[in-house]
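Down below is the structure, laid out as structure tokens.
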Protein chains: 2
Amino acid sequence: MAAFWSMGPLTLEVPMSLFAKNRQRLAEKLQDGQVVLLQGGEDISHYDTDIQYVFRQEAYFTWLCGVKEPGCYLALDVKTKKAHLFVPHLPDEYEVWMGKLLTCDQFKKIYAVDEVHYVEDIAKVLKSLNPEKLLTLSGPNTDSGLTAKEAVFEGIDEFTVDNEILFPTIAELRVIKTPEEIEVMRYVCKVSSDAHKQVMLYAKPGLKEYQCESVFLDHCYRVGGCRHVSYTCICGSGQNAATLHYGHAAAPNSKMIEDGDLCLFDMGGNYAGYAADITCTFPANGKFTEDQKLVYEAVLAARDAVVREAKPGVLWTDMHLTANRSMLQHLKDGGLLFGSVEDMIENGVGAILQPHGLGHLIGLDVHDVGGYLPHCPPRPSGPLARLRTARRLQAGMALTIEPGCYFIDKLLDRAQSNPSQARFFNWSRVASFRGCGGVRIEDDVLITEDGVENLTFVPRTVAEIEEHMSTGANFKSI
Amino acid sequence: MAAFWSMGPLTLEVPMSLFAKNRQRLAEKLQDGQVVLLQGGEDISHYDTDIQYVFRQEAYFTWLCGVKEPGCYLALDVKTKKAHLFVPHLPDEYEVWMGKLLTCDQFKKIYAVDEVHYVEDIAKVLKSLNPEKLLTLSGPNTDSGLTAKEAVFEGIDEFTVDNEILFPTIAELRVIKTPEEIEVMRYVCKVSSDAHKQVMLYAKPGLKEYQCESVFLDHCYRVGGCRHVSYTCICGSGQNAATLHYGHAAAPNSKMIEDGDLCLFDMGGNYAGYAADITCTFPANGKFTEDQKLVYEAVLAARDAVVREAKPGVLWTDMHLTANRSMLQHLKDGGLLFGSVEDMIENGVGAILQPHGLGHLIGLDVHDVGGYLPHCPPRPSGPLARLRTARRLQAGMALTIEPGCYFIDKLLDRAQSNPSQARFFNWSRVASFRGCGGVRIEDDVLITEDGVENLTFVPRTVAEIEEHMSTGANFKSI
């Protein structure tokens, strides 16, 4: 039987051929004589204690082989196309604590690689491959500013190492998802969509935000086998909906949800390393006010416009502006803004209400790599600088589409005191929106040959949300 | 109103006076002219990405001030008893992403400290205190072998720094819990006990182990406000119950629970930094077999003996032996072992069946500090070497009592081929236990003036467990 990884019956079987295909795609871009070497992640302790975070594998390493254990290396010999996995040689004694230790042969079967050796033999084995160049990974993550951790081992000095070729090549391959990867993304987005739907049934005034987070986590894990989420859950209600990265340790989703609050819940599961990243915004009491509806439908109009227009060849920066235009037009029609939408865009009004980009590449990282590779359009200046990519869309890209509209005092005050922006706002109406938080609608989509496949399945229109929430009495999590 | 931290209504309010008292206790052990300086934890990124683990504060820092934010320092001036908190000076722009930035005055109120400054002013402020010595923390964690991270800042060279005085002093203080700390431990143990009870109602053959883990996590968080557990949940069923640290990323609680399996679930919530660490073992189908009952009751006898005998003045090593004796006697009575129990102990039979120590100190770390401080009995050699402390019990200590009995092929095979051990086993009966996993019973207790207060409230006898599980049809998690 072909090797696969899953979390048991009723969860997705991720075939190891997914990773073999990634290796094949990579080998095709490289030259005989080159040997790729990636080092996987290591366990991380809580400070100086013997307690460790649940290990999560590094994303490039996952992409290349799907190996779940810490302390490994993978070498891909371009000439022979053979994958050599190196695993730690654990003391026999570990068996008592960690369970039956796998033999090299068992690792070989589990991960469907060509050869498995112990890490202690890495220099010897790599020498036997006689590489002209060892290709290691080094390059910037343009979202964090951090650098990928280059592989290193005792004896690497004896090899000719090139750390420039690999990064742009593998990052670019990660941008375009294979059909096998798309299957995993469909799964994790479906599980996460269902979890959001459960949360919408559960949520109500009087609960604390984190209770909704807990329902999400439980559904993802218990039903979908997702042990991890892809990022810290953002569960903002009321004013907290306007804090873009709410939910961190100093603001841990601990507010009581109140009647009249909008809930902006940005949460995504993670399966086999692949991320979902979905935001739902809904009224805690199940019924939108007219004002909430106005803002919600402005954001939904932006989402709809992008879903309609996104396709291969289109610039993501243009999609951002398309979203801004739709939203601003809708808010203007609703009496919140005055003047020409083009003038608003020109004067940065879009970024007052939506200070973040339209969306980002998604895959093994929630903010996936490849946004600003050397051959791609550089990061724009001005209001578009926040975009995590300015690329032209291609079939096989996976992205989030996540327009939003927030009432953030700091930004509104700034606009109000800036005549070139202030003139567009109906300030007396805006005043009544202050403190209400905001709206974000975030879908995970795949760019297809002629448009968009939406991987997200949650109630989106006002009518759909109100209808779904009206069945909340039927909620049961087990 | 007195400052406190909680996760909202119905969760425990942890008073900031708890930490003030810790500071006072510490100051009383030190001398005028000394200024304690601890550095709190920093955010940890997932590799080179912009995604971070949910921040969890370092335990010594928590003990001293309870501050939840990353990037802080705390100075305690022994002479004035004043606590100076240093917080990062974040750019205004962060407000959009992180929420309203707290002023120094707000931090002061929230954490009830005497003064709050920005980290950038640390050298200046510390100079103004004119310390003879700056006391920083450096010392070994005897469970991990790692060293506490010493505070460091630009300009520290201009101070006289002593990194030897603080560690044994503060670690010793952490060993003895104050009434305020005991309240928090009571709470987190109660929440974790209730979560275990939910899991016992939910568990049944046909589920995957991690589905039970998810129910535990959900109860701790949604009902008890515990966002974190204190360690990776160990949810071993059947043979996996004999893997002491099962549940890690390469063995992620993903087995299907089968009819006839014992479930050994070792899971503990975390509240305000304080840990619970509780193990329940029960039959997946709700009914013990005679063999399972024999092993279970042998372990329960060990637990009961320790609960009966533990009190101030008693050596923990003696408690370990007390537990071993009770268990071995019970197994002998059940026909699994032959010969004299004292001879068994002498020949290391206890460590074949229970390769771990009886239990450990618990508090802000699940394996809490202070087990082998310089003034304490050193780590024993031989079968007792696994013990995380060899101390004499004192009132105010919190510990786990966690005897276990496992059928681990590797250890049984070793005993079978060792004549000095083999003679004690009834190998034909032992053969029928191989593959069945094992039993652990783990309570969190407080040493009182005259004995033990058990902080754990779960069904423990065979009758209690079978009775509790028979009501499983009533399980609903919401």
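The values are calculated or read from the model by the stated rules, or taken from the named source; none is laboratory data. Quick caveat: nothing in here was measured; it's all calculated off a predicted structure. Here the Cβ positions follow ideal geometry from the backbone for every residue, glycine too, while neighbour counts run over all protein chains shown. Each accessible area value is taken on the protein alone, full model and side chains, heavy atoms only, with ligands, DNA and RNA left out. Shrake-Rupley method; radii C 1.70, N 1.55, O 1.52, S 1.80 Å.
Students often forget the sequence filter, so: which lysines lie under 28 Å Cα-Cα from B:Lys81 once same-chain residues fewer than 8 apart are removed?
The reachable lysines, counting only those whose Cα sits under 28 Å from B:Lys81, are B:Lys21, B:Lys29, B:Lys68, B:Lys108, B:Lys109, B:Lys124, B:Lys127, B:Lys133, B:Lys149, B:Lys177.
Kindly tabulate the residues in the range B:48-66 with an accessible-area decrease of at least 30 Å² between the chain alone and the assembly of all protein chains, using a probe of 1.4 Å.
B:Asp48, B:Thr49, B:Asp50, B:Ile51, B:Tyr53, B:Val54, B:Arg56, B:Glu58
Using only Cα atoms, find the angle between the long axis of helix A:179-202 and the longest principal axis of chain A, and express it within 0 to 90 degrees, rounded to the nearest 10.
Approximately 40 degrees, to the nearest 10.
Please compute the average number of Cβ atoms from other chains found within 10 Å of each residue's Cβ in peptide B:142-149.
3
Quick one: what does P(r) look like for the range A:241-324 with 5 Å bins over all Cα pairs, in whole %?
Computed distribution, short to long bins: 3, 11, 16, 17, 20, 17, 11, 5, 1, 0.
Within the set of other residues whose C-beta is less than 11 Å from the C-beta of A:Val341, count the net charge using Lys and Arg as +1 and Asp and Glu as -1.
Computed value for this residue: -2.
Counting only Cα, what are the radius of gyration and maximum Cα-Cα distance Dmax of the range A:345-385, in Å?
Computed over the Cα atoms of the range A:345-385, radius of gyration and Dmax are 12.4, 36 Å.
Report, in debye and to the nearest 20, how large the dipole of the protein assembly as shown comes out about its Cα centre when Lys and Arg carry +1 and Asp and Glu carry -1 on their Cβ.
Computed about the Cα centre, the dipole is about 1040 debye.
Restricted to Cα positions, what overall size does the range B:263-403 have along the principal axes? Three whole-Å values, descending.
43, 37, 23
Can you give the Kirkwood hydrodynamic radius for the range A:320-478, in Å, rounded to one decimal and based on Cα pairs?
One decimal place: 17.7 Å for the Kirkwood radius.
Report the one residue of A:Trp97, A:Leu64, A:Leu74 whose Cα lies farthest in the direction of the positive end of the charge dipole of the range A:45-121 (charges on C-beta: Lys and Arg +1, Asp and Glu -1; origin at the Cα centre).
So the residue we want is A:Leu64.
Ignoring ligands, DNA and RNA, please state the percent of accessible area on the protein assembly as shown from carbon and sulfur, probe 1.4 Å.
Of all accessible area on the protein assembly as shown, carbon and sulfur atoms account for 51 percent.
Where the centre of each part is set by its Cα atoms, how far does the range B:395-439 sit from the range B:1-30, in angstrom?
Each part reduced to its Cα centre gives a spacing of 43 Å.
What accessible surface, in Å², does a 1.4 Å probe find on A:Lys149, ignoring ligands, DNA and RNA and rounding to the nearest 10?
Its accessible surface works out to 130 Å², give or take rounding.
Regarding chain A, what are the three Cα extents along the principal axes, ordered largest first, in Å?
Principal-axis extents of chain A (Cα, largest first): 75, 48, 44 Å.
Projecting each Cα onto the charge dipole of chain A (Lys/Arg +1, Asp/Glu -1 at the beta carbon, about the Cα centre), which of A:His356, A:Val341, A:Ile44 comes out farthest on the positive side?
A:Val341
Assuming a viscosity of 1.306 mPa s and a temperature of 10 °C, what translational diffusion coefficient in µm² per second does Stokes-Einstein assign to the range B:62-129, Rh being the Kirkwood radius over Cα pairs?
Approximately 126 µm²/s, per Stokes-Einstein.
Toward the positive end of the charge dipole of the protein assembly as shown, about the Cα centre and with charges on Cβ (Lys, Arg +1; Asp, Glu -1), which of A:Val307, B:Val458, B:Ile170 goes farthest?
Looking along the dipole axis, the top candidate is B:Val458.
Mean shadow of the range B:101-209, computed from the convex hull of its alpha carbons, in nm²?
About 12.3 nm², averaged over all directions.
Quick check on the range B:175-241: take the gyration tensor over C-alpha atoms, sort the square-rooted eigenvalues as a ≥ b ≥ c, and tell me if it's rounded (a/c under 1.5), prolate or oblate.
On the way: a/c = 2.68, a/b = 1.99, b/c = 1.35.
Cα axes put the range B:175-241 in the prolate bin.
Evaluate the charge dipole of the range A:31-114 about its Cα centre and quote only its size in Debye, nearest 20, assuming +1 on the Cβ of each Lys and Arg and -1 on the Cβ of each Asp and Glu.
540
If you add up the charges near B:Ser420, with Lys and Arg at +1 and Asp and Glu at -1, over every other residue whose beta carbon is less than 10 angstrom from its beta carbon, what do you get? All intermediate terms of the calculation are to be shown ahead of the outcome.
Details: positive: B:Arg423; negative: B:Asp343, B:Glu346.
Local charge sum for B:Ser420: -1.
Suppose every Lys and Arg Cβ carries +1 and every Asp and Glu Cβ carries -1, with no other charges. What dipole size does the range B:118-199 come out with about its Cα centre, to the nearest 20 debye?
Dipole of the range B:118-199, to the nearest 20 debye: 480 debye.
Take peptide B:97-105, look around each residue's Cβ out to 10 angstrom, count Cβ atoms belonging to other protein chains, and average those counts.
4
What is the Cα radius of gyration of the range A:4-126 over 2.2 N^0.38 Å, N being its residue count?
Values: Rg = 15.3 Å, N = 123, 2.2 N^0.38 = 13.7 Å.
So the range A:4-126 has a normalised radius of gyration of 1.12.
Please list, by residue number, everything in the range B:1-45 whose backbone N is under 19 Å from a paramagnetic label point 7 Å out along Cα→Cβ of B:Lys79.
What the label zone holds, given the 19 Å backbone N cut-off, is B:24, B:26-38.
For chain B, what does the accessible surface come to per residue with a 1.4 Å probe? Please give it in Å².
With the other protein chains kept in place, chain B gives 37 Å² per residue.
Could you work out the local net charge near A:His330, counting Lys and Arg as +1, Asp and Glu as -1, over the other residues with Cβ closer than 12 Å to its Cβ?
Net charge around A:His330: +1.
So, taking all protein chains as they sit and a 1.4 Å probe, how much accessible area belongs to A:Met256, in Å² rounded to tens?
Accessible area of A:Met256: about 70 Å².
Could you give the angle, 0 to 90 degrees to the nearest 10, between helix B:209-218's Cα long axis and the longest principal axis of the Cα atoms of chain B?
It works out to around 40 degrees.
Using helices alone, what [θ] at 222 nm do you get for the protein assembly as shown, with -39,500 (n - 2.57) per DSSP H run of 4 or more residues, divided over all residues and rounded to the nearest 500?
The per-residue figure over the protein assembly as shown is -10000 deg cm²/dmol.
Under the Kirkwood approximation for Rh and a Cα-based Rg, what ratio Rg/Rh is obtained for the protein assembly as shown?
Numbers: Rg = 29.2 Å, Rh = 30.0 Å.
Radius of gyration relative to Kirkwood radius: 0.97.
If you count, for every residue in B:214-223, the Cβ atoms of partner chains within 10 Å of its Cβ, what is the mean?
Mean shielding count: 6.
Could you give the angle, 0 to 90 degrees to the nearest 10, between helix A:166-175's Cα long axis and the longest principal axis of the Cα atoms of chain A?
50
With a 1.4 Å probe on protein heavy atoms only, work out how much accessible surface B and A bury together, total over both chains, in Å² to the nearest 100.
The buried area between B and A, both sides summed, comes to about 6800 Å².
What distance in nm separates the two pseudo spin-label positions at A:Thr147 and A:Glu28, each 7 Å out from Cα along the beta-carbon direction?
The modelled label-to-label distance comes out at 3.2 nm.
Say each of B:Ala385 and A:Ile156 gets a label point 7 Å from the Cα, pointing the same way as Cα to Cβ; how far apart are those two points in nm?
3.5
If the convex hull of the alpha-carbon atoms of the range B:366-413 is projected onto planes in all directions, what is the mean projected area in square nanometres?
Its Cα hull, projected and averaged over all orientations, spans 4.7 nm².
Would you list the P(r) distribution for the range B:334-423, with all Cα-Cα distances sorted into 5 Å bins from 0 and each bin expressed as a whole %?
For the range B:334-423, the pair-distance distribution reads 3, 12, 19, 21, 16, 11, 10, 7, 1.
Show B:Arg423, B:Arg303 ordered by accessible area, largest first, where the area counts protein heavy atoms only and the probe is 1.4 Å.
Most to least solvent-accessible, the answer reads B:Arg423, B:Arg303.
Just the projected area, averaged over all directions, of the convex hull on the alpha carbon atoms of the range A:120-181: how many nm²? Show your work: numbers first, answer last.
On the way: hull surface 23.6 nm².
Averaged projected area of the range A:120-181's Cα convex hull equals 5.9 nm².
Give me the distance between the Cα centres of the range A:192-234 and the range A:123-160, rounded to whole Å.
Distance between centres, Cα-based: 39 Å.
Report B:Leu18's accessible area, 1.4 Å probe, all protein chains in place, as a number in Å² to the nearest 10.
Looks like 0 Å² after rounding.
Starting from the residue with the highest accessible area, list A:Tyr94, B:Tyr202 in decreasing order, probe 1.4 Å.
Ranked from most to least accessible, the order is A:Tyr94, B:Tyr202.
FRET efficiency for B:Lys109 and B:Ser428, Cβ-Cβ distance as r, R0 = 56 Å, nearest 0.05?
It comes to 0.20.
With each pseudo-label sitting 7 Å past Cα toward Cβ, what's the B:Val54-B:Thr461 distance in nm, one decimal?
In this crude label model, B:Val54 to B:Thr461 measures out at 3.8 nm.
Relative to the present Cα-Cα distance, how much length would full extension add between B:Arg308 and B:Asp291 at 0.36 nm per residue of separation?
3.5 nm
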